[in-house]
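The values are calculated or read from the model by the stated rules, or taken from the named source; none is laboratory data. In this text, all values refer to a predicted model and were calculated from it rather than measured experimentally. Note that each Cβ is placed from the backbone with ideal geometry, even for glycine, and that neighbours are counted across all protein chains shown. Accessible surface areas use protein heavy atoms only, side chains included; no ligands, DNA or RNA. Shrake-Rupley method; radii C 1.70, N 1.55, O 1.52, S 1.80 Å.
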Amino acid sequence: FAGPFKGYGQIVIIDHGDGWTSLITDMATLSVRVGEQVIQGSPIGRTGRGTTNVTVELRRSGRPVDITPMIG
């Protein structure tokens, strides 16, 4: 998914396969479209001026995953 979502601004949902997805919310503009392959490190969009509330959420089978143990 890539587009507006009520209450979350522009969002991108990236399907990683095997039930894993990432949600990135509160973007002002998007640089990707539905069905487009996203390469690690490539830009997917921009925030608005003064916007610091971009949220990234990792999900497994539709459920949020606490990434803290994975990064630290």
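Scanning the stretch 7-37 for residues that are assigned to a loop (DSSP other than H, G, I, E, B), open to solvent by 40 Å² or more (accessible area, probe 1.4 Å) and either closer than 12 Å to Leu58 by Cα or touching a Ser or Thr at 6+ places or on another chain (Cβ under 6 Å) (or both) turns up Tyr8, Ala28.
Of everything listed in (1) touching a residue at least 40 places away in the same chain (Cβ under 8 Å); (2) touching a strand residue (DSSP E or B) at 6+ places or on another chain (Cβ under 8 Å); (3) not aromatic (Phe, Trp, Tyr), the single unmet condition for Gly3 is (1).
Report yes if some residue within the stretch 49-69 is aliphatic (A, V, I, L, M), open to solvent by less than 80 Å² (accessible area, probe 1.4 Å) and free of Cβ contacts under 8 Å to residues at least 12 places away in the same chain; otherwise report no. Yes, because at least one residue in the stretch 49-69 is aliphatic (A, V, I, L, M), open to solvent by less than 80 Å² (accessible area, probe 1.4 Å) and free of Cβ contacts under 8 Å to residues at least 12 places away in the same chain.
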